[in-house]
Amino acid sequence: MAKSSSLVMKASVQRRRRVHRPRRSPTRPERAATAALQSHEKILLAGVDPAADMFGSHAGCPPSPEYPVVPDLDDCVDDAPAAAAAATGRCASDETLAVHAGEKLGSAAAETDSIATPIVSGTTHWFRDSADLVAFREGRRRSFEYGRYGNPTVKVLEEKISALERAEATLVTSSGMNAIVATLLALVPPGGHVVATADCYSEARAFIRDKLSKMGIRSTFVDLDDDMEALGSVLDEGEVTMFYADSMTNPHLKVVDVPRVAELCHRRGALVCIDSTLASPINQKPLTLGADVVLHSATKYIAGHHDVIAGCVSGSEALISRIRAWHHDLGGAISPNAAYMIIRGLKTMALRVEAQNRTALRMARLLEKHPKIERVYYPGLESSPWHGVARRQMAGAGGVVSLEVASDMRGVMRFVDALELPLIATSLGGCESLVQQPAVMSYWGKSDEEKAKNGIKDNFVRFSFGIEKFEDLRDDILQALEKI
């Protein structure tokens, strides 16, 4: 048994070394093979401009007026959050906000001259005298008391995310799941009713179905694949407290028509909560589309380096205050060190996401025409049933691409194992490209009925593209497809 484990470990190490070893000069047959791969891509992408974005516009050119993207702070909207204005003193783009928001006037860094936000590790903050304490209690002095209730470094991160989401307030938590739980407990009272999409995040779905029911909260799950009739029917039947959905969904990348959902729900007094993790604040801003609350697993695109776990929820000051009160009781405070790592990662989020958008779109277009690929799931493709909604409310379709390979489970495992750059792993949104076969990664040992219920086939593969050079990823994927 020890010998077997040693062989597995040795093979794994060899695989990783093969990824990072500097390449020698190619031989003549290898150069010929590379030329053939590049020629193959040109054939598959004939008539497609790789610089074009998912809306058909080119870099530096405005999108089609028929499909306006979410407005930026460039538009200088009157209701832009004060945090964004304070960050730069004027209206700014996402690229600029990601760097500067929350880190200048009134921030934890304001009294230090440090360009980098200081890590304030102290758990307890002191007051000069009783009058100082009273001023803090009455809200006349901005300060902190105890680490579970707030921290200067964490506050910088919250203001930065608020600026990017066009929110009045943001709460950063120890994980995405903690943000979900705190939001549901705070905004849905006993006797309330949550309507959620059937393909929302599996752990959120389980919490809504199994845990909230013990608190006297009803739940209904609807499928919005075809139209809004299912949601409209549930809303007409009785009082609904909250509509909860992921947009985009994982792993099938469906896009919820947020403005239409918000109109239906608000007409009947229901809140709208959107988990926008797979989109990122760069590609989609649900609050500007009519949602009341937006959630993220900040572990993914926001932090962007696969090295810190966190969550966040943004919305109006009134709603976030309610969620913050529950969060204080749940105790899901993030550490200042983790907050600093996310702040540092956030500064490059716009650059990372734009690169991931481009790579994913080019790869989706390439693979959609490949003879060994049966279907590609990506809302940036015109063939996607979600393309129209994505064009209206998103600036890009993200770095995740799902597909069905023309093979069985074992054949797809050979394809995945033959990949040298994407790492076999869960999660998404980081600098490294990842790949997984959900039938193995998440549904191994599950019944065929359960897999079918969740749309998981044995030949289904999900890529989360990082920031590697597109041509390197392309060549790797094409050579791996030759193994099946």
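The Rg/Rh ratio of the range 94-346, with both radii computed over alpha carbons and Rh defined as the Kirkwood radius, is 0.99.
Pull out a ≥ b ≥ c, the square roots of the eigenvalues of the alpha-carbon gyration tensor of the range 181-248, then state rounded if a/c is under 1.5, prolate if not and a/b is larger than b/c, and oblate in the remaining case.
Details: a/c = 2.05, a/b = 1.28, b/c = 1.60.
Here the range 181-248 falls in the oblate category.
For a quick protection proxy, order the peptides 460-470, 151-161, 273-283, 413-423 by their average other-Cβ count within 10 Å, most packed first. Let's see the in-between values first.
Numbers: 460-470: 21.9, 151-161: 26.0, 273-283: 27.5, 413-423: 17.9.
Descending packing order for the listed peptides: 273-283, 151-161, 460-470, 413-423.
When the Cα gyration tensor is reduced to axis lengths a ≥ b ≥ c, the ratio a/c is 1.5 or higher for the range 282-343, and with a/b not above b/c it is classed as oblate. The heavy atoms of Ser442 offer some 70 square angstrom of accessible surface to a 1.4 angstrom probe.
Please work out the C-alpha center-to-center distance from the range 459-474 to the range 334-384 and express it in whole Å. Centre-to-centre (Cα) distance: 9 Å.
DSSP beta bridges fully contained in the range 350-482 are about 85 percent antiparallel.
With only the Cα atoms considered, the range 225-288 has a convex hull volume of 81 Å³ per residue.
For the range 237-298, what does the accessible surface come to per residue with a 1.4 Å probe? Please give it in Å². Accessible area per residue: 27 Å². Extending 7 Å from Cα along the Cβ direction at Ser316 and again at Trp444 yields two label points whose distance is 4.7 nm. Which shape class applies to the range 119-226: rounded if a/c is under 1.5, otherwise prolate when a/b exceeds b/c and oblate if not, where a ≥ b ≥ c are the square roots of the Cα gyration tensor eigenvalues? The shape class here is prolate. A simple count of charges around Phe127, restricted to other residues whose Cβ falls under 15 Å of its Cβ and scoring Lys, Arg +1 and Asp, Glu -1, yields +1.
Ligands, DNA and RNA left out, the accessible area of the range 350-482 computed with a 1.4 Å probe is 49% carbon and sulfur.
For the cross-link pairs Lys211/Lys300; Lys457/Lys483; Lys300/Lys347; Lys369/Lys483; Lys369/Lys457, which exceed 23 Å when the distance is taken from alpha carbon to alpha carbon? Pairs exceeding 23 Å: Lys211/Lys300. Among beta bridges identified by DSSP and lying wholly in the range 94-346, the antiparallel ones come to about 40 percent.
Please state the equivalent ellipsoid semi-axes for the range 340-467: what are the square roots of 5 times the Cα gyration tensor eigenvalues, largest first, in whole Å? The partial results should precede the final answer.
Numbers: eigenvalues 126, 68, 42 Å².
With the √(5λ) rule applied to the range 340-467, the semi-axes are 25, 18, 15 Å.
The figure for Leu381 is an accessible area of roughly 10 square angstrom, using a 1.4 Å probe on the protein chains alone.
The values are calculated or read from the model by the stated rules, or taken from the named source; none is laboratory data. Here the structure is a predicted model, which means the values were calculated and not measured. Using ideal geometry, Cβ is built from the backbone for each residue, glycine included, and neighbour counts are taken over all protein chains shown. The protein model used for the area step is the full one, side chains on, heavy atoms only, and it has no ligands, DNA or RNA in it. Shrake-Rupley method; radii C 1.70, N 1.55, O 1.52, S 1.80 Å.
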